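The block underneath contains the structure these notes are about, expressed in C-alpha cells.
FYI, it's all coordinate maths here, none of it is from the lab. Bear in mind the structure is a predicted one, so any value in this text is a computation, not a measurement. Cβ coordinates were reconstructed from backbone atoms using ideal geometry, including for glycine residues, and neighbour counts include every protein chain displayed.
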Amino acid sequence: MDPAEAALITEPTQVAALLAAVLAGVFALSRVAALEKLFDVVPPVIWAYFVPMLLTTAGVTPASNPAYDWFSYVLLPFALFLLMITIDLRAIFSLGPLALAMMLVGTLGIVIGGPIAYLAVGQFIGDPETWKGMAALSGSWIGGTANMLALKESVGLSDAGLAPIIVVDTVVGYGWMAVLLFLSGYQARFDRWVGADTAAIDRVNATLQAMDTSRRPSTTATVAMIVGLGFGAAVLSRVLGGLLPTLGDPTIISGGTWAVLLAVTAGLALSFTPMRQLEPDGASRIGFAALYLLLTSIGATADLAAVLQAPSYLLMGVVWLAVHISLLFLAAKLLKAPLFFVATGSMANVGGAASAPIVAGVYLPAMAPVGLLMAVAGYVLGIYAALGCAWMLGQLGG
C-alpha cells in the first residue's frame, strides 16, 4: 500500500482542516503564561513546521496530498502580495542613511557569505540539494520565512531537503540572537571603541514619534477586500508566471519564481496607492496567517530523518554567519555606527520581523519599531538579493 494512503487522515479537506487546527493550537499555547519562556526560545513558526512533520512520521497525515499542492500554489503568492502591499517605503527611507547602511551591509554579508560557506563546508556535505537548501536559507536570512519559501520554490528544493535548513535557521539564527542580547550590556564600551555617532539614534527616534502606527477593528467589508485582492493577485501571478521563460543554468528563475516576483512587485507598486490603507484593517496579519499555514503543509511533507543531517549543516551556518558578522563589525568601525545599529541591522536580516523588534527593544526600549522597519526593508530586498545569492550557489553546486 502507498504510504500516503496508509495515513490515518488522507481526505484533502480533512488534512487541510487538521493543519489549520495545529496552527491555531500552536498560537493558542504560545499565549499561555506558563509557556511564554518556551515560545520565546522556540517561536511558534518553528512549531508550525515540526508538529506536522511529527504527525506525518506517526502516520496521522500523509507525506503527499492534494491539500499541500493547493496550499503551495495559492498561499505563497497570496501571503507575499499582502505583506508587500502594506509596506510604508517612505517610513523605511526616513530611518536615515546610517541605519539603512548597516542593514544593507548585513544583507551583503549574507549574499557573499553563502558561497563562501558552500566552498568551506557545503560542498563536502555530499547532498546534491545542499546548494538549494542554502539558497532557501539565504531567503530566510534576508527577510524571513516568506522569502525562504519563495527561494525553496525558485530553486526546486524538495520538502525533505528543507528539514535540516529549518534546524540551521533555528539553532544558528537564534543562537546569534542570544549573543546579540548578551552584547547589549556592552553598548557604551563598543560605541566608545568605534567613536559612534549616537546622535543618529536620537534622529531616528524623532522620526518614529511622527509615524502613524494605528490599528482599527476589521470589518466584513475590509476583510473581504483583503482576501479577494490576495487570491486574485495569487492566481493571476501564477497564470502570468507560467507564461514566462525559465532562466539560469541550473534554473534559478522558474515559472514559480516569476509568480513570486510578480506578486511581490505588484504589492510594492500598490503600496504607494490608497490600497496601503488596508494595513490597519489587518492585511499583513492575514498574510502572515496564510504564510504559517503554508509552512504547516511543508512540514507535513518533510522527512524527519533529514534532521539527522543537521550537524554538518550547522557548521555551514556558523561559517556563513561569521562572514555576515565580520562585515557588520568592519562597517561599524568605518561608519562609526553604534552597536544598536549593528544588532538591529543583523537581526533585520537573520531574524526578520519576529526577532528584530525584540533585539532593538532590549538595546533601547523605545526603539523597537526601528527593528521592525528594518526587518520590513529586509522583506522588500530579500527576494531580489537572495536570488542573486542563489545564482552564485547554483554556479558552485548546480
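Things worth noting here:
- Relative contact order, percent, the chain [alpha-carbon distance under 8 Å, six or more residues apart]: 35 percent
- For Lys336, distant residues with modelled amide H under 5 Å away: none
- Top of Val22, Val223, Val260 by mean-square fluctuation, Gaussian network on the chain, Cα under 10 Å: Val223
- Mean Cβ neighbour count within 10 Å, used as a protection proxy, ranking 112-118, 225-231 highest first: 112-118, 225-231
- Remark: the range 76-83, residue by residue, has Karplus-estimated 3J(HN,Hα) of 5, x, 4, 5, 4, 4, 5, 5 Hz, where x stands for each Gly or Pro and the curve is 6.51 cos²θ - 1.76 cosθ + 1.60 at θ = phi - 60°.
- Adding -39500 (n - 2.57) for every DSSP H run of four residues or longer, then dividing by how many residues the chain holds, sets the calculated 222 nm ellipticity at -24000 deg cm²/dmol.
- Relative to its residue count, the range 1-69 spans a Cα convex hull of 80 Å³ per residue.
- Result for the chain in a Gaussian network model with C-alpha springs under 10 Å: among Leu35, Leu82, Leu294, the largest mean-square fluctuation is at Leu35.
- You can think of it this way: the chain between Val42 and Thr220 has 60.7 nm of extra reach, that is 0.36 nm per residue less the Cα-Cα gap.
- Net charge of the neighbourhood of Met275, taken over other residues with C-beta under 14 Å away and scored Lys/Arg +1, Asp/Glu -1, is -2.
- Diffusion of the chain by Stokes-Einstein, at 20 °C in a medium of 1.002 mPa s and with Rh set to the Kirkwood radius over alpha-carbon pairs, works out to 100 µm²/s.
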